[in-house]
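Here's the structure we're looking at; comments come further down.
The values are calculated or read from the model by the stated rules, or taken from the named source; none is laboratory data. Computed from a predicted model, the values in this text were never measured in an experiment. All Cβ positions, glycine included, derive from the backbone under ideal geometry; neighbour counts span all protein chains shown. Only protein heavy atoms, including side chains, enter the accessible area calculation; ligands, DNA and RNA are left aside. Shrake-Rupley method; radii C 1.70, N 1.55, O 1.52, S 1.80 Å.
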Amino acid sequence: MVIIKGAGTKSFCAGGDVKGTLLIPYIALLDGITMGGGVGLSVHGPFRVATQRSVFAMPETAIGLFPDVGGGYFLPRLGGRLGVYLALTGYRLTGRDLLRAGIATHFVEAEMLENLEKDLLGLHGATAIEVGKILDDYHANSKAESDTVFSLQAHMEQINSLFVGKTLEEVFSNLEKEGSEWALTQLKTMKKMSPVSMKVAFRQITEGASKSLQECLKTEWRIGKRMLQSDDFHEGVRAVLVDKDNQPKWKHSCLEACTPETVAEFFAPLPAEDELQL
């Protein structure tokens with residue numbers, strides 16, 4: 001058995017990545033901020049435990065990146081168009097929202113984690129069934145936030161009907177035509193993001209719906225190698241993380257300026273020796 005958790009209570013993991021395959025139960029305790037590499041370390045595992053301190057987001061398009069760490073695989077499998085919405089807007093899910101969205105498999109109150117770990121570590125030769133039973137019991141006894149509803153529940157119909165189309169321009173058009181305060185707020189948020197990052201993410205998630213995890217990771221390796229050298233990534237890091245003026249000057253001023261040919265370059269095969277080997 002492997003239990004992975006953050007050091008302290010602030011974050012599970014907000015960056016970095018690990019490659020590996022396990023044949024034993026793998027439990028991720030998402031107690032705190034879960035972004036970037038923290039998502040990659042947890043979301044592909046069979047047991048993902050959220051607490052009332054959990055905060056999940058895919059904020060990459062705000063810094064000129066894309067939802068990597070297997071985002072092309074798990075985001076289109078969240079149901080409806082929720083994954084597309086999360087990738088394009090960077091919307092934050094907290095607490096039980098992770099469970100309701102499908103990011104987490106269980107919800108356990110943070111105060112119970114110490115006892116949960118003891119019970120899990122008390123198993124000898126633990127099987128997935130035994131681990132699942134313990135997690136199910138703790139989940140059933142965790143009442144925090146049980147009287148709340150999914151924070152996006154009131155807008156799921158809009159998300160599923162508006163965040164659709166063959167192109168990202170169609171999504172923007174849908175939001176403009178719908179014209180509600182909520183729709184226009186989402187549009188305003190996305191207009192702050194890197195146009196090329198959003199277009200790459202949109203294609204990545206669309207194609208990832210029919211790919212295996214391994215295929216998605218190989219595609220993301222290609223995108224990542226190129227995007228790390230892009231103008232938008234360096235500008236996004238400057239604006240959001242270094243100078244913190246939150247006024248990035250993206251290479252493309254609008255969606256239309258970022259052509260399909262520009263997007264396709266990120267997905268093109270690399271030289272054979274540079275491709276990801278899995």
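See the values below:
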| read-out | value |
| --- | --- |
| Considering residues of region 80-99 that are of a type in the set (Val, Ile, Thr) and in contact with a helix residue (DSSP H, G or I) (Cβ under 9 Å, 6 or more places away or on another chain) only, the residue nearest to Gly208 (Cα to Cα) | Val84 |
| Region 17-46, subset touching a Leu at 6+ places or on another chain (Cβ under 8 Å) and modelled with pLDDT under 80, residue nearest to Asp68 (Cα to Cα) | Asp17 |
| Identity of the residue in region 225-278, loosely packed, with under 15 Cβ neighbours inside 10 Å and among the basic types (Lys, Arg), that ends up farthest from Leu65 (Cα to Cα) | Lys244 |
| Residue within region 265-274 that is aliphatic (A, V, I, L, M), under 23 Å from Leu75 (Cβ atoms) and either part of a helix (DSSP H, G or I) or modelled with pLDDT under 95 (or both) present | no |
| Residue match in region 188-203 (condition: in contact with a Gly (Cβ under 6 Å, 6 or more places away or on another chain) and crowded, with 21+ Cβ neighbours inside 10 Å) | yes |
| Residue count, region 230-245 (criterion: more than 22 Å from the chain's Cα centre (by Cα) and closer than 26 Å to Glu275 by Cβ) | 1 |
| Filter result (crowded, with 16+ Cβ neighbours inside 10 Å, in contact (Cβ under 8 Å) with a residue 60 or more places away in the chain and assigned to a helix (DSSP H, G or I)) within region 207-223 | Gly208, Cys216, Leu217, Lys218, Thr219, Glu220, Ile223 |
| Residue under evaluation Lys166, criteria (1) outside any helix (DSSP H, G or I); (2) under 24 Å from Gly102 (Cβ atoms), criterion not met | (2) |
| Lys249 being assigned to a loop (DSSP other than H, G, I, E, B), free of Cβ contacts under 8 Å to residues at least 60 places away in the same chain and not aliphatic (A, V, I, L, M) | yes |
| Residue in region 50-66 that is assigned to a loop (DSSP other than H, G, I, E, B), acidic (Asp, Glu) and open to solvent by 10 Å² or more (accessible area, probe 1.4 Å) present | no |
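Residue-by-condition table, conditions (1) open to solvent by less than 20 Å² (accessible area, probe 1.4 Å); (2) in a loop (DSSP other than H, G, I, E, B); (3) touching a Lys or Arg at 6+ places or on another chain (Cβ under 6 Å); (4) farther than 24 Å from Lys5 by Cβ:
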| position | (1), (2), (3), (4) |
| --- | --- |
| Leu88 | yes, no, no, yes |
| Leu98 | yes, no, no, no |
| Leu120 | yes, no, no, no |
| Met156 | no, no, no, yes |
| Asn160 | no, no, yes, yes |
